[in-house]
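This report concerns only the one structure given below.
The values are calculated or read from the model by the stated rules, or taken from the named source; none is laboratory data. Small disclaimer: the values here were computed from a predicted structure and weren't measured. A quick note on method: Cβ atoms are made from the backbone with ideal geometry, for glycine too, and the neighbour counts reach across all protein chains shown.
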Amino acid sequence: MLIWDNKADGHSVVVIGDRSDGLPLKLWNHSGSDGDGKVDHNLNLPENGWIRYKVCLGEYGSKDVIESTCSASKTENAS
């Protein structure tokens, strides 16, 4: 999963949600919008797995998610 930070606003981007295998889903891009602004996370999902996620802003140092900034939830299949 590529997580992009497109805006130099002082916040990190975080993806939170659920996985079909029950493992936690909380992925950060704390590198900011410098350079290409993206971080690549390998999820290693089961063959027929899925993730349900939303994208939010957060504070990487304290690991706080700013819930009021979160997108609507989206579900993706691993296929």
Checklist entry - Restricting attention to the range 37-79, which residues are assigned to a strand (DSSP E or B), surrounded by 15 or more Cβ atoms within 10 Å (Cβ to Cβ) and among the aliphatic types (A, V, I, L, M)? => result 39, 51, 55, 57, 65
Item to check | Residue ID - surrounded by the most Cβ atoms within 10 Å (Cβ to Cβ), chosen from residues in the range 27-36 that are modelled with pLDDT of 90 or more and either closer than 15 Å to residue 69 by Cβ or among the hydroxyl-bearing types (Ser, Thr, Tyr) (or both) | outcome: 29
Checklist entry - Yes or no: residue 55 in contact (Cβ under 8 Å) with a residue 40 or more places away in the chain and not aromatic (Phe, Trp, Tyr)? => result yes
Checklist entry - Between residues in the range 11-32 that are within 19 Å of residue 45 (Cβ to Cβ) and residues that are in a strand (DSSP E or B) and modelled with pLDDT under 95, which pairs lie under 7 Å by C-beta distance while being six or more apart or on different chains? => result 15/3; 27/3; 28/12
